[in-house]
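The values are calculated or read from the model by the stated rules, or taken from the named source; none is laboratory data. Only a predicted model underlies this, so the values are computations on that prediction, with no experimental measurement involved. Don't worry about glycine lacking a Cβ; one is built from the backbone with ideal geometry, like all the others, and counts go over all protein chains shown. All accessible areas refer to the heavy atoms of the entire protein, side chains included, with ligands and DNA or RNA removed. Shrake-Rupley method; radii C 1.70, N 1.55, O 1.52, S 1.80 Å.
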Amino acid sequence: SQKIEQNSEALNIQEGKTATLTCNYTNYSPAYLQWYRQDPGRGPVFLLLIRENEKEKRKERLKVTFDTTLKQSLFHITASQPADSATYLCALDPGGFKTIFGAGTRLFVKA
Amino acid sequence: NAGVTQTPKFQVLKTGQSMTLQCAQDMNHEYMSWYRQDPGMGLRLIHYSVGAGITDQGEVPNGYNVSRSTTEDFPLRLLSAAPSQTSVYFCASSYTFGRVQEKLFFGSGTQLSVL
């Protein structure tokens, strides 16, 4: 079955550093991959989408890479701020309107 | 523009009780879905709909019913609540492009406890 794996351990970094989160998937070749942010007690919020023919996508301080050979996406937050502290979810659509999500990685940015 | 609205925000049920979680969206999205989120397991798809009158099962449909009589509303019914249904429930919607849905908009969630 399709599976998405994200690092279950929380990531702690210092303000101003770059945070890098990993998303690995198996048993599927998605046409695109998405990243969402989720704050405690809130629903996920869409951040970025990267397609299979795109190696890299940027939005302000966010950068996503997509390696279809490794079946991996990396999510980077540069110049991180305490306000970036949240859980980040990776998601892909295996087709047929059934988007599946990873369990998420919790990021803590210390001032 | 309210986006996706879920009610109630919190609910406590006794085993065997029934209830309906409400979801409404004002973005004219064809696609709507229900997910449950449990610690360490991520979001799991319960049911989804690609338009009024059309629904289908997701990964974990047992114990839940849905219907879609209008584009705006997609209620989730628990017919006989069980403790295993204790979870946080999220409704989501999106546009569709052919058989692809790219960006999901989520509601703020319903925290359900079944005792």
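What to note about this one:
- When the residues of the range A:2-42 are filtered to those that are at pLDDT 90 or above and among the charged types (D, E, K, R), the one that is nearest to B:Gln6 (Cα to Cα) is A:Arg42.
- Restricting the range A:77-93 to residues that are more than 16 Å from A:Ala10 (Cβ to Cβ) and open to solvent by less than 30 Å² (accessible area, probe 1.4 Å), the residue that is modelled with the lowest pLDDT: A:Asp93
- Of the strands (runs of 3 or more DSSP E) contained entirely in the range A:1-40, those carrying at least 1 residues that are open to solvent by 90 Å² or more (accessible area, probe 1.4 Å) and within 14 Å of another protein chain (Cβ to nearest Cβ) fall at A:3-6.
- Here A:Leu49 fits the description: assigned to a strand (DSSP E or B) and either among the basic types (Lys, Arg) or within 14 Å of chain B (Cβ to nearest Cβ) (or both).
- Where strands (runs of 3 or more DSSP E) sit wholly within the range B:41-115, those with at least 1 residues that are out of contact with any Lys or Arg (no Cβ under 8 Å at 6 or more places or on another chain) and free of Cβ contacts under 8 Å to residues at least 60 places away in the same chain occupy B:42-51, B:54-57, B:76-78.
- Options B:Leu13, B:Leu21, B:Leu45; residue that is at pLDDT 95 or above and at the interface with chain A (Cβ under 10 Å from one of its Cβ atoms): B:Leu45
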